[in-house]
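Take a look at the structure set out below.
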Amino acid sequence: MRMNSVLTSSRMGVAGRLLLSVLLTGALLVGCSSSPKGGVQVVDRDGKGSSRQSQRQPASTGQYVVQRGDTLYSIAFRFGWDWKTLAARNGIPTPYVIRSGQIIRFGSSSAVAQARSSAPVTRSAPAVPVITQVQAPAKPIQNQAPARPVAVVTTPPPSTAGWGWPAKGAVIGRFSSNGSLNKGIDIAGELGEPVFAASDGAVVYAGSGLRGYGELIIIKHSDTYVSAYGHNRRLLVREGQQVKVGQSIAEMGSTGTDRVKLHFEIRRQGKPVDPLQYLPRR
């Protein structure tokens, strides 16, 4: 009887130790799977998976379906293209009118090649033989004065004169070409302050179809330069309108961003350049 009691106590002790071991193991596993106290968490301020994105390179493949409100200039601006090159790539003639549902291709010039291949081929008339006459040998050339050297005329670089500041506030964000998202400058201001055209030109886009820019205006100044004005509260000009430097074109706002400011860009042949290299010193 005593022996049975000892065996029972021994078995209960072994079972208790096994149960305790299982509980301790489970606690350790739970502790390893939970975040440690005081651990640093990566916060996505933009809600897009990373605090910064690398600067996008111009699209070189694929295609884009034109949406309502798009213009050739806004598509070129969005995908980092020069608008003239994009028009030529897709066989779009002046005045560069596009329609909703139209396909804009980036990777190949198939549209242009197809347009060329569909053009009628005209046969040329057979060549008429040309009869040449034998002329007497030319007289020897008398001594002439040596020719004067021709002066070489160099073409000056494109003028950047005629630019003015698009807003009166201080610069709070500078242009960066090292992979950051800031392809222009940011200018502080108060809600409703005027935004001015930085140079003479024509409004080629006015709307909110480009993500990250809010209410946006794009002005074409020449075949080389365009400028962009983002985050406006209200637009005061329409597409196709001619504007002069210093003319009020919008009211400053915070659309598409977290504070009142003007985001201003200058693009040369589709590539972002530093606006401070063009604007007058102040």
Would it be correct to say that GLU215 is over 17 Å from the mean Cα position of the chain (by Cα), among the acidic types (Asp, Glu) and within 20 Å of THR71 (Cβ to Cβ)? no
Kindly list the number of the only condition in (1) surrounded by fewer than 19 Cβ atoms within 10 Å (Cβ to Cβ); (2) among the acidic types (Asp, Glu); (3) more than 23 Å from THR85 (Cα to Cα) that fails for ASP186. (1)
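Here's the yes/no breakdown for (1) surrounded by 10 or more Cβ atoms within 10 Å (Cβ to Cβ); (2) at pLDDT 50 or above:
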{"residue": "LEU72", "(1), (2)": "yes, yes"}
{"residue": "LYS84", "(1), (2)": "yes, yes"}
{"residue": "ALA88", "(1), (2)": "yes, yes"}
{"residue": "PRO95", "(1), (2)": "no, yes"}
{"residue": "SER100", "(1), (2)": "yes, yes"}
{"residue": "VAL121", "(1), (2)": "no, no"}
{"residue": "ALA125", "(1), (2)": "no, no"}
{"residue": "VAL130", "(1), (2)": "no, no"}
{"residue": "GLN144", "(1), (2)": "no, yes"}
Does GLY192 meet the test of being at pLDDT below 95, surrounded by fewer than 19 Cβ atoms within 10 Å (Cβ to Cβ) and either acidic (Asp, Glu) or farther than 29 Å from THR94 by Cβ (or both)? no
Being in contact with a helix residue (DSSP H, G or I) (Cβ under 7 Å, 6 or more places away or on another chain) and among the hydrophobic types (A, V, I, L, M, F, W, C) narrows ALA202, ALA250, ALA228 down to just ALA228
Residues of segment 162-183 being over 19 Å from GLY246 (Cβ atoms) and in contact with a helix residue (DSSP H, G or I) (Cβ under 8 Å, 6 or more places away or on another chain), which ones? ARG174, PHE175
Every listed condition ((1) within 19 Å of the chain's Cα centre (by Cα); (2) closer than 21 Å to LYS84 by Cβ) holds for GLN242 save (1)
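The values are calculated or read from the model by the stated rules, or taken from the named source; none is laboratory data. Bear in mind the structure is a predicted one, so any value in this text is a computation, not a measurement. FYI the Cβ positions are ideal-geometry reconstructions off the backbone, even for glycines, and counts take in every protein chain you see.
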